[in-house]
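Below you'll find the structure, written out as structure tokens, and then a few comments.
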């Protein structure tokens, strides 16, 4: 029985190490996409014209996109709601973009659709730049607060593992948007903040379990301790992730185009966050030299103080 448990421990340890290097490769691939393609910033950040209108009949997204492509002089972003009867058209801020609602009447005659103008607004590039600065500041502030919290709660190698796992999750999601050229807007930025919290929660749960086992079982090696921590938390992690993913899928399928990017970001972020809490957050401390008797030695040093 002991030999069987030892083989299982060796298998899990090898799986974690292999998963760690796979995660590193995924992160490098995501960074390559970010540096080569960049993010496709939405109207919230770049500025431009937003025109909203409704149609009497329900139309598919592909058909409406084809009609608008033959009419609008420049590239645009199209989203729909209410079963293909309510439409939003986003155009860049340049000299050839069609402004306001006036062009809708001509488009209605040309396409043969019964169109009712709803709203037309202009978002200046200065506002978009301010949103980028504020969004970046929000992300930076959250990371700094997280670092302070982890430095107080965990041994530095466990804290480093949680931070690296967090950075991995955010970079993977950003790389996904860069490679697939998905529009990045304020809803995606909000989802990144949610992913940070979710990733940190998973990493803290596993790291806290590692710390508890290390305090009670100083005779075990670090591989065994980490594997025990993962086994004791994996069911809870999978249940939490599964129920959250089911909710996000419902939003993805039923909330319409406006929240599609938000759903994609959260869905992918939770998947990679669950993966990184096992492959990175507890593997990095081991690679950095965390030993099974760390807390035992710490208690001995405290007792020896005058």
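Nothing in this text is a laboratory measurement; each read-out follows from the coordinates by a stated rule. Just so we're clear, the structure is a prediction, and the values are computed from it rather than from any experiment. Reconstructed Cβ throughout: ideal geometry from the backbone, glycine too, with neighbour counts over all protein chains shown.
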Inset, instruction - Any chance you could run the full-extension gain for residue 153 through residue 122? It's 0.36 nm times the residue separation minus the Cα-Cα distance, nm to one decimal. - result: 6.5 nm
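How high is the relative contact order of the stretch 48-123, given as a whole-number percent (alpha carbon pairs under 8 Å, six or more residues apart)? Could the numbers behind the result be given before it?
Numbers: 126 pairs, mean separation 37.3, N = 76.
Relative contact order, the stretch 48-123: 49 percent.
Specify whether the C-alpha gyration tensor of the stretch 158-283 places it in the rounded, prolate or oblate class, a ≥ b ≥ c being the square roots of the eigenvalues: rounded for a/c under 1.5, otherwise prolate if a/b is larger than b/c and oblate if not.
Values: a/c = 3.31, a/b = 2.16, b/c = 1.54.
Prolate, because a/c is 1.5 or more and a/b exceeds b/c.
Could you tell me what a quarter of the Cα convex hull surface of the chain works out to, in nm² with one decimal place? Intermediate results must be reported in sequence, preceding the final value.
Values: hull surface 80.0 nm².
One quarter of the hull surface, i.e. the mean projection, equals 20.0 nm².
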Legend entry - Pairwise label distance in nanometres, residue 54 with residue 114, each label 7 Å out on the Cα-Cβ vector: 1.2 nm
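Expressed as a rounded percentage, what relative contact order does the chain have, with Cα pairs under 8 Å and six or more residues apart?
Details: 403 pairs, mean separation 77.3, N = 306.
The normalised contact order for the chain reaches 25 percent.
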Inset, instruction - For the stretch 51-125, just say rounded, prolate or oblate: build the C-alpha gyration tensor, square-root its eigenvalues into a ≥ b ≥ c, call rounded for a/c under 1.5, and beyond that prolate if a/b exceeds b/c, oblate if not. - result: prolate
Inset, instruction - With runs of 4+ DSSP H residues as the only contributors, calculate the mean residue ellipticity of the chain at 222 nm using -39,500 (n - 2.57) per run, divided by the residue total and rounded to the nearest 500. - result: -23500 deg cm²/dmol
Legend entry - Gaussian network model of the chain, springs between alpha carbon atoms under 10 Å - residue of 214, 64, 27 with greatest fluctuation: 64
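Taking Cα pairs under 8 Å and at least six residues apart, what relative contact order does the stretch 90-233 come out at, in percent? All intermediate terms of the calculation are to be shown ahead of the outcome.
On the way: 55 pairs, mean separation 24.4, N = 144.
Worked out over the stretch 90-233, it gives 17 percent.
Is the shape of the stretch 21-166 rounded, prolate or oblate, going by the alpha carbon gyration tensor and its root eigenvalues a ≥ b ≥ c, with a/c under 1.5 for rounded and a/b larger than b/c for prolate? Numbers along the way, then the final one.
On the way: a/c = 2.88, a/b = 2.47, b/c = 1.17.
Note, shape of the stretch 21-166 comes out prolate.
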Inset, instruction - Please work out the Cα center distance from the stretch 131-186 to the stretch 72-115, rounded to the nearest Å. - result: 36 Å
